[in-house]
1. Residues to consider are A:Asp86, A:Asp97; find the one that is under 16 Å from A:Pro123 (Cα atoms), crowded, with 18+ Cβ neighbours inside 10 Å, among the acidic types (Asp, Glu) and at pLDDT 95 or above.
2. Quick check on my filter: what residues within the range A:1-44 are basic (Lys, Arg) and farther than 29 Å from A:Arg60 by Cα?
3. Within the range B:67-84, can you find the residues that are assigned to a helix (DSSP H, G or I) and in contact with a helix residue (DSSP H, G or I) (Cβ under 7 Å, 6 or more places away or on another chain)?
4. Within the range B:191-201, can you find the residues that are farther than 10 Å from B:Leu34 by Cβ and either among the aliphatic types (A, V, I, L, M) or surrounded by 13 or more Cβ atoms within 10 Å (Cβ to Cβ) (or both)?
5. Test of understanding: among B:Glu42, B:Glu21, which residue is in contact with a strand residue (DSSP E or B) (Cβ under 7 Å, 6 or more places away or on another chain), open to solvent by 50 Å² or more (accessible area, probe 1.4 Å) and outside any helix (DSSP H, G or I)?
6. Is at least one residue of the range A:88-100 part of a loop (DSSP other than H, G, I, E, B) and within 14 Å of chain B (Cβ to nearest Cβ)?
7. Just for the range A:63-73: of the residues that are more than 8 Å from chain B (Cβ to nearest Cβ) and not β-branched (Val, Ile, Thr), which one is surrounded by the fewest Cβ atoms within 10 Å (Cβ to Cβ)?
Protein chains: 2
Amino acid sequence: MTKDLRICFVGDSFVNGTGDETKLGWTGRVCAALEASDSDLEVTFYNLGVRRDTSEDIRRRFNQEISARLQAGFDTLVVFSFGVNDTTIENGVLRVDSERSIDNTRALLLEVAEQHPVLMVGPPPIADEEQNNRIQALDTEFAQLCSELNVPYLSVFDGLVCNPVWREEVTSNDGAHPHSAGYSILSERLLSWDVWEALVT
Amino acid sequence: MTKDLRICFVGDSFVNGTGDETKLGWTGRVCAALEASDSDLEVTFYNLGVRRDTSEDIRRRFNQEISARLQAGFDTLVVFSFGVNDTTIENGVLRVDSERSIDNTRALLLEVAEQHPVLMVGPPPIADEEQNNRIQALDTEFAQLCSELNVPYLSVFDGLVCNPVWREEVTSNDGAHPHSAGYSILSERLLSWDVWEALVT
């Protein structure tokens, strides 16, 4: 029997796939690969990544946007990924401090986990070493929070920060987002995560 | 100078790309092709297509979802496409009658047109001849409404209903949605529309 899995990816520009000339991003690649891996699986792909969104912005919109897409009676999954924008300094001010980031993330994970399986993917590195220090610290805090809440968490920072293709594409593009080769690398990292078998079968 | 065009596609499962194993749909193909056609153009792609959504469902969510993605100061565009689900009979009852469909569509086009350039794409044919009669009638009413409101409207029904690839994919899939070849045909129809030059340059 065909399994009809409906996935909402909720997050920022990296979820949106900004900079990817193919317009698939890592999210579209993951959905296409999951579906191709199993002839009995159909994946409905909802991309709810928004450029510039912090955890604060996402906390305001996640519930309504997910509720409009995922209903009871279907196999559902919500994948969150955000954090880079929280660590940005604008006009001398940090957009969201890490205590508030964790507070937002705890609230949204707890609320969604009542209704759907949930995964979280950590924020990737960009081309700014100072901000990368803050991203890496937030990544560690996210991992601890997810461990506490029993939400599977995939940290991608360490694997990408040394990856020459990721670094080169981010630097030559806008300093934050890669092109399609970078998003492919990120999607492969996601697909090698050991969470999928339990979710798709 | 690079032009950064941000597009929200708002609609139903055909906007979502349901059934397309590549996960691009016609919307992703259109964005990738527009960007590839002009080295000074960057396209941010927001897919707000939701399975089963009628004009009634879309009327409830369009404003918040678009506002979260398109801000003043950027080049923006909203593309609506829906209607097939309005014409579905469920438990003997039409989901949305055509008077209400037009009322919903008028309301959302007027509201969005105050803030963003707007386009509308008509509903495609499915594998049910009776429902296709209702889809075709609604397509004609949408075209009249859009003409009245000066919103560019592209009818795709006639071109697809006789297209052997579209028909074969819809029939062999779920009776409503094609696979990637059907979505490619639809994206090519979209790309041959004469509206793009004014929007992307």
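The values are calculated or read from the model by the stated rules, or taken from the named source; none is laboratory data. The structure displayed is predicted, hence computed values, not measured ones. All Cβ positions, even for glycine, are placed from backbone atoms using ideal geometry, and neighbour counts span all protein chains on display. What goes into the accessible areas is simple: the full protein's heavy atoms, side chains included, and nothing from ligands, DNA or RNA. Shrake-Rupley method; radii C 1.70, N 1.55, O 1.52, S 1.80 Å.
1. The conditions single out A:Asp86.
2. Once the filter is applied, which keeps residues that are basic (Lys, Arg) and farther than 29 Å from A:Arg60 by Cα, the range A:1-44 yields only A:Lys3.
3. none
4. Scanning the range B:191-201 gives B:Trp193, B:Val195, B:Ala198.
5. Every option except B:Glu42 fails the conditions.
6. Within the range A:88-100, not a single residue is part of a loop (DSSP other than H, G, I, E, B) and within 14 Å of chain B (Cβ to nearest Cβ).
7. In this case the residue turns out to be A:Gly73.
Yes/no matrix, rows are residues, columns are (1) farther than 25 Å from A:Ile7 by Cβ; (2) among the hydrophobic types (A, V, I, L, M, F, W, C); (3) open to solvent by less than 70 Å² (accessible area, probe 1.4 Å):
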| residue | (1), (2), (3) |
| --- | --- |
| A:Ala107 | no, yes, yes |
| A:Leu119 | no, yes, yes |
| A:Asn133 | yes, no, no |
| A:Gln136 | yes, no, no |
| A:Glu148 | no, no, no |
| A:Pro152 | no, no, yes |
| A:Gly159 | no, no, yes |
| A:Glu168 | yes, no, no |
